[in-house]
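**Q** One structure, pasted below without further comment.
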Amino acid sequence: METSFALTGKGYVIVAADTTAARSIVKMKVDEDKIKELGTHLLMAYSGEPGDTVQFAEYVERNIRLYQIRNLYPLRPPAAASWIRRSLAQSIRSRSPYSVNLLLGGYDKSENKPNLYWIDYLGSVVEVPFAAHGYGSYFALSLLDRYHDPEAPLEEGLATLRRCIDEVAKRLVVSPSNYKVKVVDKDGVREVEI
Amino acid sequence: MPSAAGLYMRQRQLPRRAREAYASVTSTDNTSISEAIMARRYDSRTTIFSPEGRLYQIEYAMEAISHAGTVLGVLAKDGVVLAAEKRVTGKLLDLSSAKVGGGYGGSGEKMFLLNSNVIGGVAGITSDANSLVNYARTVAQQHLLQYNDDIPVELLAQRLCDLKQGYTQYGGLRPFGVSILYAGYDPHYRFQLYHSDPSGNYSGWKATCVGANNGTAQSLLKQEYKDDISVEQAIGLVLRVMSKTMDSPTLGSEKLEFAVLTYDEANKQPKAKIYRPSEIDALLVAEGLAKKDDDTEMKS
């Protein structure tokens with residue numbers, strides 16, 4: 001089942017998503033990247049209905065990139081979250097809504113702080129210090145309640161993430177074997193090994 | 001035959017199409033067109049180039065603006081200052097809504113709040129200006145709806161310029177006879193001052209002037225402007241330049257509109273202030289520029 005986590009720390013946001021692409025009982029791919037880089041300082045992990053996910057994620061990516069090219073400034077994370085939320089709110093009120101859940105992590109260069117947003121297919125958005133989607137969230141959120149520190153350095157943040165991943169591996173019947181982990185901070189986005 | 005100077009030539013009566021084209025061009029200060037302007041084949045429609053490669057309607061629009069009340073803007077390191085000379089004044093003018101508390105100052109002729117982070121100063125044909133101000137406000141709110149964020153100042157200027165440019169290329173409609181100075185703040189580039197003209201072109205300025213006597217004002221600004229001035233110094237500079245370039249001999253709230261855009265550190269929000277007449281008079285007194293004048297009826 002599709003699982004994603006994210007958490008903030010001192011000047012960074014870590015976004016992690018599983019890399020399994022499965023249909024019914026078959027794992028078609030074990031190295032799928034479900035985290036889109038929307039800009040130099042913006043990451044979005046997506047999950048939900050197959051097909052809808054990539055379609056919507058690409059739509060968001062291209063529109064945010066268009067804004068940046070047209071207007072010379074990149075969209076700040078709060079503005080990007082609002083735009084995405086509005087797109088999903090319009091989608092849910094249409095004849096065939098997108099069934100996609102997102103975790104939007106970004107670094108706001110004008111305010112010098114990390115932002116994380118939990119967004120679901122209904123168009124709800126909340127800014128949070130940590131978040132998760134999927135069945136894995138049932139295990140991860142309690143661990144993050146206990147161990148998350150918003151001022152932790154990156155190594156500690158990654159250690160907390162490691163706890164969540166291990167717990168899901170231990171307790172979920174069909175747990176993902178691999179995760180892709182990306183970090184966004186003042187220097188931009190990069191992938192890290194976990 | 002066209003004169004060497006190019007644009008104007010006397011003629012007894014304008015051809016019908018030219019008369020129609022000029023029926024809509026009037027300026028705010030009621031100077032009817034004293035020189036009869038010969039309408040050539042190429043200048044009664046905006047969508048046509050002249051053989052010399054010029055768009056006459058746009059040039060004529062800028063000419064209309066050069067007869068309108070001056071608008072002056074100066075960028076400081078902690079704010080932007082705008083001042084404007086009003087042309088619609090007089091004892092019988094009812095400005096009571098501007099003087100009473102509530103809302104913001106300004107008589108609705110030169111200075112407008114376009115968004116909570118942008119003030120616009122307009123020069124030119126007032127009705128065109130009102131239409132553009134309304135458009136700018138709509139654009140700013142649409143941006144706020146989509147992104148939950150104040151529109152960046154340059155983006156607002158661009159949107160208005162896109163509209164103005166459209167009127168020079170298609171539709172067969174005349175251009176807007178308005179120049180606008182945008183004074184604004186956004187987190188990307190902090191304080192900014194832009195000027196847009198009827199052609200749909202815009203540029204960013206540290207200090208600039210549009211409308212009547214803008215050449216004089218511009219050279220005065222060039223001499224006196226320093227890069228790191230504060231808002232207080234900018235206010236003084238603006239008022240001094242206005243007093244030297246305004247047509248009327250007195251500098252008072254009857255003839256002057258004034259606005260300042262700063263950033264409120266406590267609330268972390270831009271603060272747009274269009275001064276009320278009483279506040280303008282108080283400011284002039286503080287700067288030592290107020291003149292005692294028996295004619296001024298609008299004492300508050």
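The values are calculated or read from the model by the stated rules, or taken from the named source; none is laboratory data. Remember, predicted model here, so these are calculated numbers, not experimental data. Here the Cβ positions follow ideal geometry from the backbone for every residue, glycine too, while neighbour counts run over all protein chains shown. Accessible surface is based on the protein model in full, side chains and every heavy atom, while ligands, DNA and RNA are left aside. Shrake-Rupley method; radii C 1.70, N 1.55, O 1.52, S 1.80 Å.
**Q** Which of the three applies to chain A, rounded, prolate or oblate, going by the alpha-carbon gyration tensor with a ≥ b ≥ c and a/c under 1.5 meaning rounded? Show your work: numbers first, answer last.
**A** Details: a/c = 1.66, a/b = 1.10, b/c = 1.51.
Because a/c hits 1.5 or more and a/b fails to exceed b/c, chain A counts as oblate.
**Q** Among A:VAL192, B:GLN223, A:PHE5, which residue has its Cα furthest toward the positive end of the charge dipole of the protein assembly as shown, with +1 on Lys/Arg Cβ and -1 on Asp/Glu Cβ?
**A** Highest projection toward the positive end goes to B:GLN223.
**Q** Indicate, rounded to the nearest 5 percent, the antiparallel portion of the DSSP beta bridges found entirely in the protein assembly as shown.
**A** Details: 89 of 89 bridges.
The antiparallel fraction comes to roughly 100 percent.
**Q** What residue among A:LYS27, A:LYS36, A:LYS182 shows peak mean-square fluctuation when chain A is described by a Gaussian network model with Cα springs under 10 Å?
**A** Greatest mean-square fluctuation among the candidates belongs to A:LYS27.
**Q** Who wins for biggest fluctuation among A:GLY134, A:GLY106, A:GLY157 in a Gaussian network model of chain A, springs between alpha carbons below 10 Å?
**A** The residue with the greatest mean-square fluctuation here is A:GLY134.
**Q** If exposed means no more than 10 neighbouring beta carbons inside 10 Å and the site is in a DSSP loop, what's the longest run of chain A without any exposed GluC sites (Glu not before Pro)?
**A** Counting at most 10 other Cβ atoms within 10 Å as exposed, the longest clean stretch of chain A is A:1-150.
**Q** Now for a separate question. For the protein assembly as shown, take N as its residue count and report Rg(C-alpha) divided by 2.2 N^0.38 Å. Don't skip to the answer; put the middle values down first.
**A** Details: Rg = 29.1 Å, N = 494, 2.2 N^0.38 = 23.2 Å.
Rg over 2.2 N^0.38 Å, computed on Cα atoms: 1.25.
**Q** For the stretch B:57-287, just say rounded, prolate or oblate: build the C-alpha gyration tensor, square-root its eigenvalues into a ≥ b ≥ c, call rounded for a/c under 1.5, and beyond that prolate if a/b exceeds b/c, oblate if not. Present the calculation step by step, with values, prior to reporting the outcome.
**A** Details: a/c = 1.34, a/b = 1.11, b/c = 1.20.
Rounded, since a/c falls under 1.5.
**Q** Kindly compute the accessible surface that chains A and B hide from a 1.4 Å probe when together, both sides summed, and give it to the nearest 100 Å². Walk me through the numbers on the way to the answer.
**A** On the way: alone 10150 and 15270 Å², together 24140 Å².
Buried area between the two chains comes out at roughly 1300 Å².
**Q** At a 1.4 Å probe radius, which order do B:TYR263, B:TYR135, B:TYR56 fall into by accessible area, largest first?
**A** Values: B:TYR263 55, B:TYR135 80, B:TYR56 5 Å².
I get B:TYR135, B:TYR263, B:TYR56, largest accessible area first.
**Q** Taking A:LYS29 as the anchor, which aspartates and glutamates have their alpha carbon closer than 14 Å to its alpha carbon, excluding any fewer than eight residues away along the same chain?
**A** Straight-line reach from A:LYS29, under 14 Å: A:GLU2, A:ASP18.
**Q** Filter A:LYS36/A:LYS109; B:LYS110/B:LYS244; B:LYS164/B:LYS255 down to the pairs with a C-alpha to C-alpha distance above 25 Å, please.
**A** Numbers: A:LYS36/A:LYS109 19 Å; B:LYS110/B:LYS244 19 Å; B:LYS164/B:LYS255 29 Å.
The pairs that break the limit, which is 25 Å between Cα atoms, are B:LYS164/B:LYS255.
**Q** Moving on to the next point. Output the pairs from B:LYS86/B:LYS273; A:LYS182/B:LYS268; A:LYS186/B:LYS226; A:LYS113/A:LYS170; A:LYS186/B:LYS271 with a Cα-Cα distance over 26 Å in this structure; if there are none, say none.
**A** Values: B:LYS86/B:LYS273 18 Å; A:LYS182/B:LYS268 31 Å; A:LYS186/B:LYS226 33 Å; A:LYS113/A:LYS170 34 Å; A:LYS186/B:LYS271 29 Å.
Among B:LYS86/B:LYS273; A:LYS182/B:LYS268; A:LYS186/B:LYS226; A:LYS113/A:LYS170; A:LYS186/B:LYS271, the Cα-Cα distance tops 26 Å for A:LYS182/B:LYS268; A:LYS186/B:LYS226; A:LYS113/A:LYS170; A:LYS186/B:LYS271.
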